[in-house]
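Undergrad: Structure in structure tokens, see below.
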Amino acid sequence: MMSKPIRICFLADRHDLYDDRIYWKMAVPLVKKGFQVHYVLIGKEASSGTTSEGVHFKVFKLKTFSENRFLNFFIKRLNPDNNYSAMLREAEFIQADIYHFHDLWINRIGPKLKRLPHKPVVFYDAREPYAADYLSYVKTVFPFLLRLFASGLDRWEKRQAKNYDLVIANELNVQKNFAEVLGEERSVVLYNYTDLIDQNEPVPFGKKKYDLIYCGAVTRLRGAFEILKAVNMIKEELPNIKVLFLGNYFPISFKDELQTFININNLHDLVELKDAVPYQEVAHYYSLSKIGLVLLQRVKTFEISMPIKIFEYMAFGLPVIGSDFGHMKDYIQKDACGITVDPQDTAAIADAVLSLMKNHDLYQKYSENGRRAALTKYKWEFEFNKLLLYYKKALDDR
């Protein structure tokens, strides 16, 4: 323990208090190392206090100025009395040695954090290719304007990043994007490897409850319907197949759409739509599952981003059926831990499931390869130790 604890303040506006990367992988281990950790964020309800793990938190209630999504977007950014102003005041009050913020729009106050009188260190955790996100997710009748907006957003994000001590990405494409303007020394990668490791003896294949699991945000672009269609194709050959969806559904009405498909195709006994559970409970469902699914559709953001689920599945010995592009393809093929398919080809998805379910030797090979790779190469512990070194260097330089 340090005689005078170094004070670290995390900030986020799109992630909740118990976010896996911010809270469980960074904040909690830092508390255990003797740091004083604060977390300032925007959420559905205002609250404050200290968690049982020792993290001090302050949640500002999300302000909504208009029911229109786009109008609300611009009003929030023009109104001086917004959440970001409140976050800045709270951050200044905390007087942290290091401010480590996540999420794009906190770049609005990032340079102001750096200019605080006590001269703190500022890290930006650039977790996603944000410009690509807008191009992938936002539907508009003005595609030219959207591309123009995304291009301007990319330039603005890089311009703001020049103010910070370090920009952290979780995969190489985003890191290289920042390295072009900051240099390699100020743009690094902390891979979002897993800290969920099965410490127990694996549940025998025949005693597992679920044949297939998809864990994470459940959306159209993450392949939810393609999974259901593949299950519908193989239900005659595997009449007792069990499939689990575990996560938050976006939009909320999407869960009803999936349930309608399940009802129409008589999949009630085969598919379970379960809402998200606390992070530490996810391991329980992995241990009861046989195969992990990560069938993200081919859009710009998924061609760049790094799905953490691959590493979680591997850590629990789940062979992976994943999309045949991007990091998903690279890791699955490099470590021989599963099968890659065209995520829109439901017949190929069905064939991959049947191959793993019917060929025990193949299943066992992929299971053992994945678990070995996760335990030796893809543990969050390795990345956390790098983070500690980055903190120490930045504080020493200060």
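Undergrad: How about the stretch 380-398: which of its residues are surrounded by fewer than 17 Cβ atoms within 10 Å (Cβ to Cβ) and in contact (Cβ under 8 Å) with a residue 12 or more places away in the chain?
TA: Matches in the stretch 380-398: 381, 382, 386, 388, 395, 397, 398.
Undergrad: Please state which one of 221, 153 is out of contact with any Asp or Glu (no Cβ under 8 Å at 6 or more places or on another chain), assigned to a helix (DSSP H, G or I), hydrophobic (A, V, I, L, M, F, W, C) and farther than 30 Å from residue 396 by Cβ.
TA: Testing whether each residue is out of contact with any Asp or Glu (no Cβ under 8 Å at 6 or more places or on another chain), assigned to a helix (DSSP H, G or I), hydrophobic (A, V, I, L, M, F, W, C) and farther than 30 Å from residue 396 by Cβ leaves just 153.
Undergrad: Here is a follow-up. Would you pick out the residues in the stretch 30-58 that are of a type in the set (Lys, Arg) and part of a strand (DSSP E or B)?
TA: Result: 58, single match.
Undergrad: Mind listing just one residue for me: the one in the stretch 291-305 that is out of contact with any Pro (no Cβ under 6 Å at 6 or more places or on another chain) and assigned to a loop (DSSP other than H, G, I, E, B) and, of those, most open to solvent (accessible area, probe 1.4 Å)?
TA: It comes out as 298.
Undergrad: Tell me whether the stretch 249-265 contains one or more residues that are farther than 21 Å from residue 170 by Cβ, open to solvent by less than 30 Å² (accessible area, probe 1.4 Å) and in contact with a Phe, Trp or Tyr (Cβ under 8 Å, 6 or more places away or on another chain). Explain how you work it out, then say what you get.
TA: First, pick out the residues of the stretch 249-265 that are farther than 21 Å from residue 170 by Cβ: 249, 251-265.
After this cut, where a residue has to be open to solvent by less than 30 Å² (accessible area, probe 1.4 Å) as well, the list is 249, 254, 258, 262.
Among the residues that remain, those that are also in contact with a Phe, Trp or Tyr (Cβ under 8 Å, 6 or more places away or on another chain) are: 258.
Taking every residue of the stretch 249-265 in turn, at least one turns out to be farther than 21 Å from residue 170 by Cβ, open to solvent by less than 30 Å² (accessible area, probe 1.4 Å) and in contact with a Phe, Trp or Tyr (Cβ under 8 Å, 6 or more places away or on another chain).
Undergrad: Mind listing whichever residues of the stretch 306-329 are assigned to a helix (DSSP H, G or I), open to solvent by less than 30 Å² (accessible area, probe 1.4 Å) and either basic (Lys, Arg) or under 24 Å from residue 201 (Cβ atoms) (or both)?
TA: Passing the criteria: 310, 311, 312, 313, 314, 315.
Undergrad: Another one. Six or more apart or on different chains, Cβ atoms under 9 Å: show the pairs whose first residue is in the stretch 166-188 and in a loop (DSSP other than H, G, I, E, B) and whose second is open to solvent by 40 Å² or more (accessible area, probe 1.4 Å).
TA: 170/128; 170/191; 171/191
Undergrad: Among residues belonging to the stretch 275-290 that are surrounded by fewer than 13 Cβ atoms within 10 Å (Cβ to Cβ) and outside any helix (DSSP H, G or I), point out the one that is farthest from the chain's Cα centre (by Cα).
TA: Our first condition is that a residue be surrounded by fewer than 13 Cβ atoms within 10 Å (Cβ to Cβ); within the stretch 275-290, this holds for 275, 278, 280-281, 284.
Next cut, outside any helix (DSSP H, G or I) only: 275, 278.
On the way: 275: 17, 278: 15 Å.
Result: 275.
Undergrad: Now a separate question. Tell me which residues, restricted to the stretch 114-145, are among the aliphatic types (A, V, I, L, M) and part of a strand (DSSP E or B).
TA: First, the residues of the stretch 114-145 that are among the aliphatic types (A, V, I, L, M): 116, 121-122, 126, 131-132, 135, 138, 141, 145.
Residues satisfying the conditions are 121, 122.
Undergrad: Right, another one. Being open to solvent by less than 60 Å² (accessible area, probe 1.4 Å) and under 30 Å from the mean Cα position of the chain (by Cα) is the filter; apply it to the stretch 233-248 and report the residue that is farthest from residue 349 (Cα to Cα).
TA: Within the stretch 233-248, the subset open to solvent by less than 60 Å² (accessible area, probe 1.4 Å) is 234-235, 238, 241, 243-247.
Within this subset, residues satisfying the condition of being under 30 Å from the mean Cα position of the chain (by Cα) are 241, 243-247.
Numbers: 241: 14, 243: 14, 244: 16, 245: 16, 246: 19, 247: 21 Å.
So, considering only residues that are open to solvent by less than 60 Å² (accessible area, probe 1.4 Å) and under 30 Å from the mean Cα position of the chain (by Cα), the one farthest from residue 349 (Cα to Cα) is 247.
The values are calculated or read from the model by the stated rules, or taken from the named source; none is laboratory data. Small disclaimer: the values here were computed from a predicted structure and weren't measured. Quick reminder, even Gly has a Cβ in these numbers, built from the backbone with ideal geometry, and neighbours come from all protein chains shown. Side chains are part of the model used for accessible areas, which takes the heavy atoms of the whole protein and leaves out ligands, DNA and RNA. Shrake-Rupley method; radii C 1.70, N 1.55, O 1.52, S 1.80 Å.
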